[in-house]
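Q: Here's a structure for you.
The values are calculated or read from the model by the stated rules, or taken from the named source; none is laboratory data. Since we're looking at a predicted model, the values are computed, not measured. Cβ placement follows ideal geometry from the backbone for every residue including glycine, while neighbour counts extend to all protein chains displayed. When the accessible area is computed, the model is the full protein with side chains, heavy atoms only, and any ligands, DNA or RNA have been set aside. Shrake-Rupley method; radii C 1.70, N 1.55, O 1.52, S 1.80 Å.
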Amino acid sequence: MSAWRNISLWMDQVGEPLVARPSLTHDLDVDVAIIGAGYTGLWTAYYLKRQAPQLNIAIIEAQTAGFGASGRNGGWLMGNLLGEDRLLAGLSAEQRRASFDLLHGIPDEVAQVLAREGIDCDYRKGGALYCAARYPEQETSLRRYLDKLYAQGLTEADYRWLSPQQLAAQLRIAKPYGAIYAPHVATIQPARLVRGLARVVEGMGVTLYENSPVTHWQSGSLRTDKASVRATWVVPAVEGYANTLPPLGRYQLPVQSLIVATEPLPNSTWDEIGLSQGQAFGESSRQVTYGQRSADNRLVFGARGGYQFAGKLRHHFDLTDSEVQLRRYLFGELFPQLKNVRITHSWGGNLGMSRHFRPHMLCDQRTGIALSGGYGGEGVGATNLGGRTLADLILGRDTPLTHQPWVIRGGGLDALKAWEPEPCRWLGYNAIIRSFVHEDQVLANPNTAPWRRKLATGVAQFMEGFMH
Ligand SMILES: Cc1cc2nc3c(=O)[nH]c(=O)nc-3n(C[C@H](O)[C@H](O)[C@H](O)COP(=O)(O)OP(=O)(O)OC[C@H]3O[C@@H](n4cnc5c(N)ncnc54)[C@H](O)[C@@H]3O)c2cc1C
């Protein structure tokens, strides 16, 4: 199945033959049926089996393990959640601290599993550098963000400001204004994690069926073209592919993110740039950029993509010239020496955005449906939390995981907030993104008048307000 190698640099380098597992051709009766073999589905199976080895679990995957975002992402394994500040706002100071500790501990939990199960995915916990790197307004907004974190009870041990000189000890960029350093972030080779997890859960007795798209699902059962599955629990774990399983598409918008990777760069170039500890880095505009130095010394760099009308999935990720050039421009601003470097891989993927722009973990004992999603481009770590949480919820365990504000207890799918119908979604999403791009263009030009800079930021902030 060589086509699966073209999914991403990571799948190309996975170091194992991408041979399809058997597809589902006969009816099944299981305790837990999981739809989708990405991190969410696999972590859920892993933690269920660890606690309840007797469970009969099947994972039914449309293509192959890692076909989705889990085999394509930027490899930031973060100890936090999208929108956590809003999620935790209503808690007491102690509860908030406990929740932050739980989140910050995600990379260490993953590291323990990797060691226990023998998964090698180039895990390096070097932290993340959120850089003010292109215009001075980035410093102002990062400092404001840091103040907000400290006001929530976080300290310098959780996030700290780096002056341009301090930043230079880790990363040398053309226009350093400073950075926030977050220690609780690791970088990984994403496809090796998802393929490794698939192998491990199989070893624990979970059955994986590939090339088996689920066409219908409901409480207690699901169907593919060839067979039916009856299950006490059904766990749809399809994230950016929610449209393939109505009515999930109402609650989760498919958004694309796009990445490029350079050829391996010589040590002399990395001596100039830094990133010697596996740090993740991004520049802090509203373009949402993310980068890492891969274990084989490439620069891997991504930025937000788009949203297609009616939530249509993007299936082809041969990036256009302008999509590649935008990413080259953005990393070239940080590293002028790389402006003409050879880009060997470019790809992208669909991720899921919930209407609240924050994740949810839901378990409905009445219908036997459990799901975790809405990670919004920050799911590499969050899926681990999601898998652990769903396992506890399904097994009826009362643990700190099941009492977090992102857990929806006692409700079904209708407890989730639905997206507005089209064309509102498309118009809204594009208006917001346009305001971000406009702001970025205005601020990146040092000659624009101060009033225009303020106006562009004001409009972008106003539009961002609609996201919450
Ligand atoms: C380009 C890109 C970069 C990203 N970078 C980062 C990052 O650096 N850090 C971070 O934290 N997050 C990042 N993310 C997000 C992160 O990758 C995802 O949140 C995470 O991988 C979601 O895992 P998942 O298992 O829920 O979904 P997926 O990995 O998408 O898995 C869903 C699976 O379901 C299968 N499926 C879909 N429909 C059906 C069906 N009908 N029947 C059966 N199977 C089906 C798919 O084939 C797929 O294998 C990025 C995402 C993208 C696209």
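Q: Specify the inter-centroid distance of region 122-179 and region 37-70, based on alpha-carbon positions, in whole Å.
A: Each part reduced to its Cα centre gives a spacing of 36 Å.
Q: So if each residue of separation counts as 0.36 nm, and I subtract the Cα-Cα distance between Ser276 and Glu109, what length gain in nm does that give? All intermediate terms of the calculation are to be shown ahead of the outcome.
A: Numbers: separation 167, 0.36 × 167 = 60.12 nm, distance 2.31 nm.
Taking Ser276 through Glu109 to full extension adds about 57.8 nm, to one decimal.
Q: What's the angle, to the nearest 10 degrees (0 to 90), between helix 137-151's Cα axis and the longest principal axis of the chain?
A: Tilt relative to the chain: about 50 degrees.
Q: Keeping all protein chains in the complex and leaving out DNA, RNA and ligands, what accessible area do you get for Thr344 with a 1.4 Å probe, in Å² to the nearest 10?
A: Number for this one is 50 Å².
Q: Let me have the relative contact order for the chain, percent, based on Cα pairs under 8 Å that are six or more residues apart.
A: Result for the chain is 21 percent.
Q: Taking amide H positions as placed in the peptide plane 1.01 Å from N, state which residues far from Gly306 in sequence (5 or more) or on other chains have amide H under 5 Å from it.
A: Correct list: Gln256.
Q: Mind giving me the nanometre distance, one decimal, between the label points for Leu395 and Ala98, set 7 Å out from Cα along Cα→Cβ?
A: Result: 2.0 nm between the two label points.
Q: Show me the three semi-axes of the equivalent ellipsoid for the chain, from the C-alpha gyration tensor (sqrt of 5 times each eigenvalue), largest first, rounded to whole Å.
A: For the chain, the ellipsoid semi-axes come out as 35, 24, 22 Å.
Q: If you don't mind, there's one more thing I want to ask. Can you list residues whose amide H is under 5 Å from Ile59's amide H, if they're 5+ apart or on another chain and H is modeled 1.01 Å from N?
A: Ile34, Thr207, Leu208, Tyr209
Q: Could you give the spread of the C-alpha atoms of region 424-465 along their three principal axes, from largest to smallest, in whole angstroms?
A: So the extents along the principal axes, rounded to whole Å, are 35, 15, 9.
Q: Can you tell me the alpha carbon radius of gyration of region 363-468 divided by the globular rule-of-thumb value 2.2 N^0.38 Å?
A: 1.54
Q: For region 17-29, take each phi angle, set θ = phi - 60°, evaluate the Karplus expression 6.51 cos²θ - 1.76 cosθ + 1.60, and give the result in whole Hz per residue in order, putting x for glycine and proline.
A: Karplus values, whole Hz, x for Gly and Pro: x, 8, 8, 5, 6, x, 8, 7, 10, 9, 5, 9, 10.
Q: Please list, ordered by chain and number, the residues whose modelled amide H lies under 5 Å from the amide H of Val30; skip anything fewer than 5 residues away on the same chain.
A: Excluding prolines and chain starts, which carry no amide H, the hits are Arg230, Ala231, Thr232.
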